[in-house]
Each structure stands twice: as C-alpha cells, then as structure tokens.
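Structure first, commentary second.
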Amino acid sequence: MFRGEVDGSGALRVRPRPGDPDPSALLRNIPSAVGHRARVLRPTVRRGWWQDGPGPTDRRGRDAFIEVGWDEVLDRLAGELRRVRDAHGPQGIYGGSYGWASAGRFHHAQSQLHRFLNTAVGGYVGSVGTYSGAAAETILPHVLGPSGPVSKATVTWEQIGAHTDTVLAFGGMAIKNSAVAAGGVSTHVERAAMAAAARRGTRFVLVGPLRSDLPPEADAQWAVVPPGSDTALMLGLLHTLVVEGLHDTAFLERYCVGWEALEEYLLGKADGTVRDAEWASGITGVPAGEVVALARRAATGRTLVTVAQSLQRAEFGEQPVWAGLALAAALGQVGLPGGGFCYGLGSIAYYGRRKVAVPVSPLPQGRNGVREFIPVARIADMLLHPGEEFDHDGRRLRYPHVRLAYWIGGNPFHHHQDLGRLRRALGRLDTFVVHEPAWTATAKHADVVLPSTMTIERDDIGATSLDPIMSAMHRLVDPPGAARDDFAIFTGLAERLGAGREFTEGRDVRAWLAHLYERTRAGLDRQGLPAPSFDEFWAAGEVELPLRADDGGLLAAFRADPDRTRLPTPSGRIEIGSATVAGFGYPDCPGHPAYFAPTDAPDERHPLWLVANQPATRLHSQLDYGAHSAAAKVAGREVVRIHPDDAAARGVADGEVVRLFNDRGACLAGARVTDDVMPGVVQLPTGAWFDPADPGADPAAQVPFCVHGNPNVLTRDVGSSALAQGCTGQHTAVQLERWDAALPPVTAHDPPAVEPREAGR
Ligand SMILES: Nc1nc2c(c(=O)[nH]1)N[C@H]1C(S)=C(S)[C@@H](COP(=O)(O)OP(=O)(O)OC[C@H]3O[C@@H](n4cnc5c(=O)[nH]c(N)nc54)[C@H](O)[C@@H]3O)O[C@H]1N2
Ligand SMILES: Nc1nc2c(c(=O)[nH]1)N[C@H]1C(S)=C(S)[C@@H](COP(=O)(O)OP(=O)(O)OC[C@H]3O[C@@H](n4cnc5c(=O)[nH]c(N)nc54)[C@H](O)[C@@H]3O)O[C@H]1N2
Ligand SMILES: [Mo]
C-alpha cells in the first residue's frame with residue numbers, strides 16, 4: 001500500500017503508507033510505469049490473424065503487428081468468440097488465465113474475465129490450483145485441511161514472539177517475499193517480529209541453500225542443504241526422535257492416524273533402508289551429529305516447523321509439506337501457541353497474521369457452464385495433447401481441445417516452465433487474446449493485444465482478509481494512449497454478444513465499488529463499529545477493519561477436544577498416513593511422506609543446481625522495466641548468484657556476463673559471486689522478460705536463448721506428481737560458463753515493430 005501524487009513537473013511521486021515500519025523497495029518501480037515505452041498504447045493485432053483469419057500457426061511471436069481501432073477489434077473479437085462457441089461450445093475457450101494481475105478487488109483481472117466468459121459466452125475451461133502452491137494445496141486437504149483456511153493460518157507472529165523456542169524454517173522466510181500480498185500490505189511486520197523473537201531467545205534455524213532466506217535480524221543458525229533434499233532431513237530428524245524416544249506417542253495416538261506406516265518406513269522395515277541421521281546426512285550434507293542435535297533441540301521447548309512454498313514448487317513437492325507436518329505432529333505441538341506446523345509462513349505477507357472479522361467482497365464471477373478443467377501448470381500439455389488422459393488427485397481426466405485462449409492479468413512467459421515448449425504449444429491455438437498494460441513476451445505472442453490500464457490509472461478498492469486496512473485506491477494518473485480498463489473492454493464485448501446487462505448489472509465502476517464496499521460496511525455496522533458510508537470511506541482513503549482474536553482457531557479447538565472439533569480430513573485427525581492417498585496408487589506420491597531423489601538433478605553435463613526463485617526487485621515480471629528492477633541488473637541482465645568456488649572453477653569474476661544452459665534452453669545473466677549461496681547451487685530469480693536472441697526463428701526449430709536472464713527457458717515442464725500435477729519451476733540442473741562473445745542487446749522492454757496497415761504481404 002502506498003500514497004501517490006503527481007508533482008508540478010507531472011511526475012508521479014510514490015510514498016510508503018505512513019506508519020509502515022519496513023516499507024517495500026518494490027514501490028520504486030511504480031513511477032516508471034508512467035509514459036514508459038513498454039506500455040501498450042493501442043489495440044494491436046497480428047497481421048496474419050487479422051488478414052488470414054484464426055488457425056494454428058508457427059507465426060506467433062514473430063509475425064508483424066498492425067494497429068487497429070477499438071470498435072473494429074471488438075467487433076472482430078466478438079465474432080471470433082461466437083464462432084468458437086458455436087462450433088465447439090464454451091469448452092473450446094481456455095479462460096484459466098493464471099496470474100497475479102493488480103492489487104485492486106474490482107479490477108481484478110481474472111475475476112473480470114471469468115465474469116465476462118460466464119455471463120456472455122457460457123463459460124470456459126478453467127484451471128485448479130496455483131503456480132504458487134499446487135502441490136501443497138492438493139496434499140494438505142487430505143492430511144490436515146485446506147491450505148488457505150487451515151494449514152497456513154496456524155500461528156501468528158505475536159505467538160512466535162511470546163512462545164516459540166525454536167523455529168525450524170525449511171526454505172527460510174526471506175524478507176523479500178513478505179514485501180507483497182495480493183490486495184495490499186499496510187504494515188510490513190516480519191523483520192521486526194523476527195528481531196523481537198530472536199532477542200527474547202527464539203532460535204531460528206534456516207534450512208536451505210541460501211543464507212539470505214532469513215534476515216540478519218533473525219540471527220539464524222544455517223543448516224546448509226541442497227534443493228530437493230529437505231524431506232530426507234525431516235525423515236532423519238523423525239528417525240532420531242523415534243529411536244531416542246523423544247516423539248510424543250500420546251499426541252500421535254489421540255490426534256493422528258497412520259503413524260505406523262511412517263514409522264515402519266523410517267525404520268526400513270519393508271525395504272531395509274533405515275532413514276536415520278546418517279542416511280539423511282548422506283543426502284543433505286548436514287553432519288549426522290548435527291541432525292541428532294537438531295532433533296534433540298526440536299524436542300525441547302516450543303518448536304515451530306515452517307515449510308516455505310518454494311519446497312513444494314518442485315518434483316515430489318507434496319513430500320516436504322507432508323513430512324514437515326509429520327515432524328511437527330511427532331513433536332506433539334500442533335495446536336499450541338507458536339508451535340506445530342505452518343506452511344508458507346514468510347513466503348508472502350498474508351501469513352502469521354490475524355484474520356479480518358468482517359467480510360471483504362470479491363467481484364462475483366457468475367456460474368461457469370463448463371466442467372472441464374486442468375491443473376493450472378498443465379497448460380502446454382493440454383494444448384499439445386488434446387483428448388489425452390492424465391492423473392489428478394485420484395481421478396483420471398482428459399485434456400479438452402481448446403481453440404481460443406484468453407489471457408488477462410498473467411504472464412505465461414513469466415510463470416510457465418520450458419518456454420520453448422510453451423511457444424510450440426501456443427502455436428496450436430486458433431486465436432490467442434491478451435489484455436496487457438505492457439509489451440510482455442506473452443503480448444508479443446498474441447494474435448489480439450488489447451491495451452489495459454493498471455491500478456494507478458483507475459479507481460479501485462484494495463483489501464484482503466488478512467490485512468486490517470481496506471484502502472481506497474484513487475486514480476493517480478490518466479491511462480496512456482487508448483488504454484481501457486478490462487471492465488470497459490469486456491463491457492464492449494458483452495454488449496456485442498447481447499449480454500451487456502448481464503455483465504454490468506447496470507453498474508458503472510463507481511457503482512460497483514460502492515456495491516462491493518457495502519458488505520464490509522454492513523459487517524462493521526453489525527459489530528457496532530464505526531461504519532463510514534462509501535463516500536466517507538472514499539474521501540478518507542482507508543478504513544480500519546477489526547481482527548479476529550488470536551486464539552489459535554481450528555487447531556487449538558481440535559487440540560482441546562478432537563472428538564468435538566474434527567479436522568476437515570477423512571478421519572477428522574491429522575493424517576500422517578492417508579488411506580485415501582494410498583488408494584490412488586501413485587508411485588510418486590504414496591500413502592505416507594517419503595523421500596524420492598529428484599530426477600531433474602545435476603549430472604556431469606549439467607553439474608549445478610539452479611534455484612529459480614522469486615525476485616527481490618519486483619513482483620514476478622511486473623514492472624521489470626521499473627527503476628528498482630533495472631538498477632539491480634548487471635549489464636542489463638538479471639543477476640545469477642554463484643559460490644566463489646564454482647565461479648573460480650569456471651573463470652568467472654563478479655560482474656561478468658555468463659551463459660546458463662541445459663538441453664531445454666540457455667540464457668545470459670550477470671554473475672554475482674557470493675558465499676551467500678552454497679557450493680553447487682546457482683540462483684537466478686524469475687521475472688526478467690523473455691528476450692529471445694533470434695525472435696524471427698521458427699519456435700519449433702529452436703532451443704530458446706534468452707539474452708536477458710529468464711530462467712524458465714531452462715526449467716522442466718512436468719508436474720510435481722500424479723497427485724497435484726503442480727508447477728516444478730523452482731529447481732533444475734544447468735551448466736554455466738563465462739560469455740566472452742559480443743553482448744547481444746536486450747530488447748525485452750521495447751514494443752514490437754508495428755507495420756503500416758496498408759502494406760500487404
Ligand atoms: N521457474 C519458476 N517459475 C515460476 C515460479 C518459480 O518459483 N520458479 N513461481 C511461480 C509463481 S509462485 C507465480 S505466482 C507465477 C507468477 O506469474 P504471473 O502472475 O503470471 O506473473 P506476473 O508478472 O505477476 O504477471 C501479471 C501480468 O498481469 C499484468 N497486469 C497487471 N495488472 C493488470 C490488469 O489490471 N489487467 C491486465 N489485463 N493485466 C494486468 C502485468 O502487466 C503482468 O504482465 O510465476 C510462477 N513461475
Ligand atoms: N519480492 C517478491 N516477493 C514475492 C514474490 C515476488 O515475485 N517478489 N512472489 C510472491 C509469490 S506469488 C509467492 S507464491 C511467494 C513464494 O514464496 P516462496 O516460494 O517461498 O519463495 P521463493 O523466493 O521462490 O523461495 C524461497 C527460498 O526457498 C529456497 N529454496 C528453494 N528450493 C529449496 C529447497 O528445495 N529446499 C530448501 N530448504 N530451500 C529451498 C530458495 O533459496 C529461496 O530463496 O513469494 C511471494 N513474494
Ligand atoms: Mo505465487
């Protein structure tokens with residue numbers, strides 16, 4: 001959350017929200033949006049689509065563009081939506097449109113798109129789960145409870161500050177990550193909370209490959225482990241607890257089911273492999289004595305096990321989440337203040353906070369007439385393999401045959417893996433429509449690009465159920481060029497499809513904001529709290545919402561009496577072994593937590609782990625052209641961090657440009673040599689816009705080479721397991737070498753060339 005105003009010279013000035021103790025540096029990217037060349041200014045179409053009509057093609061991403069008028073493009077697009085619906089049903093349209101979009105609740109891009117497709121077209125093929133956390137979102141409901149309401153909201157920072165002796169932070173809680181939350185963050189509390197806890201005596205243990213995953217204020221002990229190995233460490237800790245009799249058998253009996261299956265696995269009863277501290281040491285590199293000491297420490301006093309989202313955005317990503325829960329259960333502290341298990345704490349600024357006690361309304365999306373869906377990260381599989389079967393969460397499903405994809409508020413060339421494969425998959429579509437404020441690679445691969453506004457150019461409401469401030473997001477500057485709000489674009493299309501009234505319900509933007517606000521106002525009123533009218537709220541700029549008591553919620557009630565308060569799992573208990581999951585029969589996700597060695601792992605040709613994590617200098621790919629993001633780059637490229645030993649072995653010095661590569665692709669990056677990253681691991685965050693060295697080449701005949709540093713040319717496009725089919729973009733294996741050739745220019749933030757309309761081909 002921020003304040004902004006336009007100064008005398010016409011520049012946008014952005015200030016942190018007053019009172020925020022640790023404002024986010026990402027705010028520095030925002031003023032760059034005003035007048036930047038990367039903005040989309042006018043409706044733009046691919047010449048081949050406009051002239052020759054829809055159909056599969058290898059021209060996406062390399063054809064010429066022409067600019068067209070709003071009326072003609074909306075007429076043409078409404079006609080194409082009608083054609084696809086009449087010929088193939090709404091099942092022919094993919095509207096999953098994954099992505100973050102902007103902070104406001106009304107102009108929330110996916111909600112607008114879904115509402116439009118539901119009210120004006122009859123529905124769309126949707127997606128389930130997120131790139132953020134699909135593996136956890138799918139396993140947790142079987143074993144603890146849904147990740148949003150139950151598994152992430154188990155502790156607060158206040159509880160940790162008051163009660164916790166040890167935090168075992170798998171993947172850490174990097175301060176950069178709690179810079180953001182969808183809907184806005186009024187107060188960045190994490191750094192101060194960790195500092196206060198550490199001062200009182202909380203011991204933070206960072207488990208992971210990167211020192212910077214906990215701030216210096218946490219004064220952490222660093223257990224250095226390579227990517228994909230956490231489950232082995234958790235099992236080694238569990239084994240130690242068992243053989244030393246430190247596990248809480250009373251808790252396991254009363255509150256859990258399925259412990260026996262895990263205990264047999266730990267002891268190697270079925271397969272002869274004993275998962276003890278030695279075994280864990282062999283996989284993780286943590287000395288066996290340290291594993292034993294850590295287990296003993298965890299069994300003394302109040303211990304919290306946190307699992308960052310990153311661990312599960314990986315092959316077998318379900319396992320570290322489930323094993324982390326099993327570890328916390330064996331310690332017997334689930335449901336105690338500041339103890340037990342918390343998935344995602346520190347991964348984003350939602351968690352560790354008390355919930356808002358009044359409703360916050362999203363935009364109603366209407367009813368989707370289509371039942372087919374895909375697990376969100378299986379988009380390229382769907383396009384390349386229509387009609388084929390796949391597994392998901394105990395069901396056998398079939399990929400629908402989609403002809404038109406409609407993307408708004410997301411950037412698949414940011415979020416998806418194996419971008420060479422994604423380019424080929426997008427070639428299968430008849431039509432690819434994108435609304436974008438900026439010329440991302442996704443926009444450059446579209447047939448129809450409609451310029452949309454961003455938050456600073458329109459009125460909206462910022463709110464989440466985990467932040468006490470609801471903010472009136474006033475329009476600060478005018479939209480650039482001919483850009484329109486997504487709502488206005490869909491209103492124009494819905495009218496052409498004869499559903500204008502159904503889509504808008506007769507409300508303009510202001511009326512919608514007042515309508516959405518009303519539920520919150522009524523909630524305040526019901527509690528006898530000051531309940532400003534919409535106009536009062538709008539003029540004041542924000543309203544403070546009441547918070548629920550910090551009483552431990554469902555898990556505390558479950559602990560108090562598990563027969564009265566059951567968990568929303570099949571047994572009503574914590575499922576350390578799950579009959580349901582076992583019954584699915586998936587070799588890569590059995591009936592209890594288990595360690596599997598990653599298959600996309602370093603080998604002789606690609607000896608380094610790549611950690612492709614969240615960027616510290618922006619939100620994903622958004623405002624990559626902004627001042628803060630640009631200032632951190634090296635020679636205009638994204639920064640890869642590498643250990644001094646690995647750099648020396650390759651003759652790479654700090655500040656030099658390097659090439660990362662594997663069989664799927666290659667990219668350039670600027671090297672930072674630092675012992676903040678463990679040997680054998682390099683870290684290149686996501687978010688530098690895909691910038692192919694040869695944009696004119698046929699995507700099918702090309703291994704992509706991104707000159708700007710997008711790690712998703714390297715990552716592998718396979719699901720976490722048959723259970724969740726979640727995104728596995730966090731890890732892959734690469735080789736790295738110094739780049740001695742001439743530096744190709746970075747053109748990612750340039751708009752594409754637009755041809756004069758008349759020129760034929
Ligand atoms: N390798 C690897 N890949 C990853 C991850 C990883 O760890 N490693 N992490 C994954 C995760 S957790 C996530 S959440 C995804 C994020 O992936 P995305 O959410 O797709 O990334 P963003 O850059 O936030 O994309 C949002 C897009 O919406 C546009 N936009 C903003 N506001 C509006 C609006 O009002 N209207 C319209 N029409 N457009 C708007 C922005 O310009 C931007 O292009 O990436 C995933 N990809
Ligand atoms: N500044 C900023 N903050 C963000 C975002 C952003 O784009 N920018 N995106 C937000 C979003 S959408 C999400 S979903 C969250 C994601 O939250 P996370 O997924 O938790 O964030 P990451 O930065 O990808 O990963 C955190 C750390 O985990 C470590 N790690 C990676 N793999 C492993 C492993 O196998 N084992 C262990 N022990 N550690 C590992 C890495 O060193 C990495 O720095 O972040 C949110 N916060
Ligand atoms: Mo995410």
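The values are calculated or read from the model by the stated rules, or taken from the named source; none is laboratory data. Just so you know, these numbers come straight off a predicted model, no measurement behind them. Here the Cβ is made from the backbone with ideal geometry for all residues, glycine too, and neighbour counts use every protein chain on show.
Numbers below:
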item: Listing of helices (runs of 4 or more DSSP H) fully contained in segment 551-659 that carry 1 or more residues being of a type in the set (V, I, T) and touching a residue at least 12 places away in the same chain (Cβ under 8 Å); result: 579-584
item: Candidate set: segment 185-202, residues that are away from ligand 3 (no atom under 16 Å from the Cβ) and assigned to a loop (DSSP other than H, G, I, E, B); chosen: the one surrounded by the fewest Cβ atoms within 10 Å (Cβ to Cβ); result: G201
item: Residue ID - farthest from ligand 3 (Cβ to nearest atom), chosen from residues in segment 129-149 that are modelled with pLDDT of 95 or more and farther than 17 Å from G394 by Cα; result: L144
item: Residue within segment 203-216 that is within 16 Å of ligand 1 (Cβ to nearest atom), at negative phi, assigned to a loop (DSSP other than H, G, I, E, B) and within 21 Å of the chain's Cα centre (by Cα) present; result: yes
item: Strands (runs of 3 or more DSSP E) completely within segment 4-80 that count 3 or more residues being touching a helix residue (DSSP H, G or I) at 6+ places or on another chain (Cβ under 9 Å); result: 12-16
item: Lone qualifier among A425, A438, A380, A357 - being among the small types (G, A, S) and surrounded by 23 or more Cβ atoms within 10 Å (Cβ to Cβ); result: A438
item: Within segment 688-700, considering residues that are touching a His at 6+ places or on another chain (Cβ under 7 Å) and not aromatic (F, W, Y), the one surrounded by the most Cβ atoms within 10 Å (Cβ to Cβ); result: A688
item: Boolean, A280 is crowded, with 23+ Cβ neighbours inside 10 Å and either outside any loop (DSSP other than H, G, I, E, B) or within 31 Å of the chain's Cα centre (by Cα) (or both); result: yes
item: Which numbered condition Q417 misses (of (1) touching a Pro at 6+ places or on another chain (Cβ under 6 Å); (2) under 16 Å from V703 (Cα atoms)); result: (1)
item: Yes/no for L27 being under 29 Å from the mean Cα position of the chain (by Cα) and modelled with pLDDT of 95 or more; result: yes
item: Some residue of segment 701-714 being in a strand (DSSP E or B), touching a His at 6+ places or on another chain (Cβ under 6 Å) and surrounded by fewer than 24 Cβ atoms within 10 Å (Cβ to Cβ); result: no
item: Residue in segment 389-445 that is nearest to ligand 3 (Cβ to nearest atom), counting only those that are polar (S, T, N, Q) and farther than 21 Å from Q91 by Cα; result: N411
item: Residue list for segment 101-127, filter: outside any helix (DSSP H, G or I), within 16 Å of ligand 2 (Cβ to nearest atom) and at pLDDT 95 or above; result: H108, S127
item: Residue, farthest from G427 (Cα to Cα), within segment 699-746, restricted to residues that are under 17 Å from the mean Cα position of the chain (by Cα) and of a type in the set (A, V, I, L, M); result: A724
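Rundown of residues vs (1) outside any loop (DSSP other than H, G, I, E, B); (2) modelled with pLDDT of 95 or more, yes/no style:
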| site | (1), (2) |
| --- | --- |
| F341 | yes, yes |
| R353 | no, no |
| V358 | no, yes |
| N368 | no, yes |
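Okay, residues lined up against (1) surrounded by 21 or more Cβ atoms within 10 Å (Cβ to Cβ); (2) touching a strand residue (DSSP E or B) at 6+ places or on another chain (Cβ under 6 Å); (3) without any contact (Cβ under 8 Å) to a residue 40 or more places away in the chain:
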position: V34; (1), (2), (3): no, yes, no
position: T44; (1), (2), (3): yes, yes, no
position: W49; (1), (2), (3): yes, no, no
position: G53; (1), (2), (3): no, no, yes
position: E67; (1), (2), (3): no, yes, no
position: V73; (1), (2), (3): yes, no, no
